[in-house]
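To start, the structure itself, in structure tokens.
Each reported figure results from applying straightforward, stated rules to the coordinates on display, with no laboratory input. Computed from a predicted model, the values in this text were never measured in an experiment. Every residue, glycine among them, receives a Cβ derived from its backbone with ideal geometry; neighbour counts consider all protein chains shown.
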Amino acid sequence: MTMSKVLTPILASVAAVSLTLAGCSNNQDSVDKGATDATNTTAATTGDVLRIGTEGAYAPFNYTNADGTLGGFDVDIANALCADMNVTCEITAQDWDGIIPGLKAGKYDAIVAAMSVTPERAQQVSFTEPYFSNTLVFLAKKDSPFDPSNDSDINAHSIAAQRATISSQWFEKAYPKANMKLYDTLSNAFLDLGSGRVDAMISDKLPALQWLGSPSGSNYRLKGDEIDINDNFAIAVRPGDDLQAKINQSLANIKANGTYDKINQQYFAVPVAANTTTVVTESSEPTKENSTGK
């Protein structure tokens, strides 16, 4: 259902960006038995159309607007890459649990969807160089005594997370005795947190900051330190596709000419209400190496 990385950007002027949040399914990395591998010839090699798959439900990285159009950091990055490659972007929304099978079946040529690089995924797809760096955070009510630095405190509270994400997989391994509540979408997890049906939540940092900047999250804040698990977001293509090298070159180009920074600054800055703290590295905790999440 995420997203070491080159940057540590933070959510900008949340009021300026209208976004929604969502998630994924436990079977996301499994191969769709009905899917067949597509050929390695992509639209990018013809100089015509490059078909991109994204989730459209994981703000601020990708989301669906009220009019049905797609937006977000991933969408803008994809469009910038297409412009650099002189091809037309055709961006399609795909449910998270079918996003890799969709690539393998040839529904699109690349996935730009805040996808974390994991060994399990690398057996099915080829990844470009990373284009974003992700950290994890805990959230709870501002007046909550919840302290994630205390293991017994974590075990005494119900914790929400999106199923099949880096955050939920890391948490399950780090705190196997905790009362974890898993949700198919990130928005549903935030909904239960805001309704008081769970005590706290673990999430990728930027979607968390986005929610904290919304009316629903106004009475909540980050708790404890950020957790750096060396989580990198990259673009996925079919194995052996020369599109991988072309995207890597275009990534380097848009970083060198300032386009990447311009897009990054549009989306990421710290909302005051978040009360963020210093990033710390949890090198002793489980990492994305054993995860199957975003």
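What span do the alpha-carbon atoms of the stretch 169-261 cover on each of the three principal axes, reported in whole Å from largest to smallest?
Cα extents, longest axis first: 48, 30, 24 Å.
Please grab the % of Cα pairs in the stretch 58-192 that end up more than 19 Å from each other.
Numbers: 5451 of 9045 pairs.
Beyond 19 Å sits 60 percent of the P(r) for the stretch 58-192.
What list do you get for 191, 243 if you sort them by fewest beta carbons within 10 Å?
Numbers: 191 17, 243 23.
Result, fewest neighbours first: 191, 243.
Ranked highest first by the average count of other Cβ atoms within 10 Å around their residues, in what order do 228-234, 97-103, 111-117 fall?
Numbers: 228-234: 23.3, 97-103: 21.4, 111-117: 27.9.
The densest-packed peptide leads the list: 111-117, 228-234, 97-103.
Quick one: grab Rg to one decimal and Dmax as a whole number for the stretch 122-279, Cα atoms only, in Å.
According to the Cα coordinates of the stretch 122-279, Rg and Dmax are 17.6, 53 Å.
Quick one: the Cα spread of the stretch 210-273 along its three principal axes, in angstroms, biggest first?
Projected onto the principal axes, the Cα atoms of the stretch 210-273 cover 48, 26, 20 Å.
Report Rg(Cα)/(2.2 N^0.38 Å) for the stretch 71-127, keeping two decimals.
Details: Rg = 11.8 Å, N = 57, 2.2 N^0.38 = 10.2 Å.
Relative to the 2.2 N^0.38 Å estimate, the stretch 71-127 comes out at 1.15.
Give the long-range amide H neighbours of residue 181: residues separated by 5 or more places, or on another chain, with amide H under 5 Å away, using H modelled in the peptide plane at 1.01 Å from N.
159, 160, 161
In what sequence, highest mean first, do 152-165, 246-259 appear when ranked by Cβ atoms within 10 angstrom? Display every interim value, and only then the final one.
Working: 152-165: 21.3, 246-259: 17.0.
Sorting 152-165, 246-259 by mean packing, highest first, produces 152-165, 246-259.
Jot down the per residue volume, in cubic angstrom and as a whole number, of the convex hull over the alpha-carbon atoms of the stretch 130-185. Could you put the intermediate results ahead of the total?
On the way: hull volume 6.1 nm³, N = 56.
In the stretch 130-185, the Cα convex hull volume per residue is 110 Å³.
If you rank 294, 107, 223 by fewest surrounding Cβ atoms within 10 Å, what's the result? Don't jump to the answer; show the numbers that get you there.
Working: 294 32, 107 16, 223 23.
In order of increasing Cβ crowding within 10 Å: 107, 223, 294.
Of the listed pairs 107/205; 173/255; 173/246; 104/173; 223/246, which have alpha-carbon separations greater than 32 Å here?
Details: 107/205 30 Å; 173/255 35 Å; 173/246 37 Å; 104/173 30 Å; 223/246 41 Å.
Violating the 32 Å limit, Cα to Cα: 173/255; 173/246; 223/246.
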